[in-house]
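All remarks here apply to the structure that follows.
Just so it is clear, none of the values below were taken in a lab; they were calculated from the coordinates. Note that the structure is a prediction, hence the values are computed from the model and not measured. Every residue, glycine among them, receives a Cβ derived from its backbone with ideal geometry; neighbour counts consider all protein chains shown.
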Amino acid sequence: MMTAENSAQNSFIVLQIGRRRFALPADAVVELSAPVRLHAFPHTSPAVIGVIVRRGRIVPVYDAARLLAGRPFSSHRFYVVAHRRIGQATELGALPVSGECELASGEMQPAAGDAPSYVRGALPVGEESVPVLDFDALVHACGPAEDETAGAEASS
């Protein structure tokens, strides 16, 4: 029997970044936002490309395209705004999305043994196996290399 809890656990937002498709658990996604003005400012967070303002809140936008699509892209159709855990707290974060988004249901399969740490599993969508992203791990994977370099420079 399908319960509301099972339904939420088996629902995913499939989105396109570059030419590849990825999924996020639907219960983590707050909204799909039309492109709004990206506010860029000087900062030291290599993963953040700027912020957007959504419903009166400042939401950091993370540059996942480099990691997921192999290169940054300048145009996008939407922002996917999702919850992110930091310790015991949650905050909103956004990813630029370059193509269509859709709601899909199904059982997430385990991630392949060689999958990056930010891939939780795979979702069968038609004939395709779509990687399911762990948003927190993805954000962390977008920036640590530059953070470590900056720390090494500061200590020399």
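Okay, here's what the table says:
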item: Viscosity 1.002 mPa s, temperature 20 °C, Stokes-Einstein D of region 34-139 from Kirkwood C-alpha radius, µm²/s; result: 141 µm²/s
item: Charge-dipole axis of region 40-134 as Lys and Arg at +1 and Asp and Glu at -1 on Cβ define it, positive-most pick from Leu133, Ala111, Val61; result: Val61
item: Within region 40-120, percent of DSSP bridges classed antiparallel, to nearest 5; result: 95 percent
item: Residue order, fewest to most beta carbons within 10 Å, for Ile52, Ile58; result: Ile58, Ile52
item: Region 104-123 and region 27-91: distance between their alpha carbon centers, rounded to Å; result: 22 Å
item: Residues Arg21, Arg66 arranged by fewest to most Cβ contacts within 10 Å; result: Arg66, Arg21
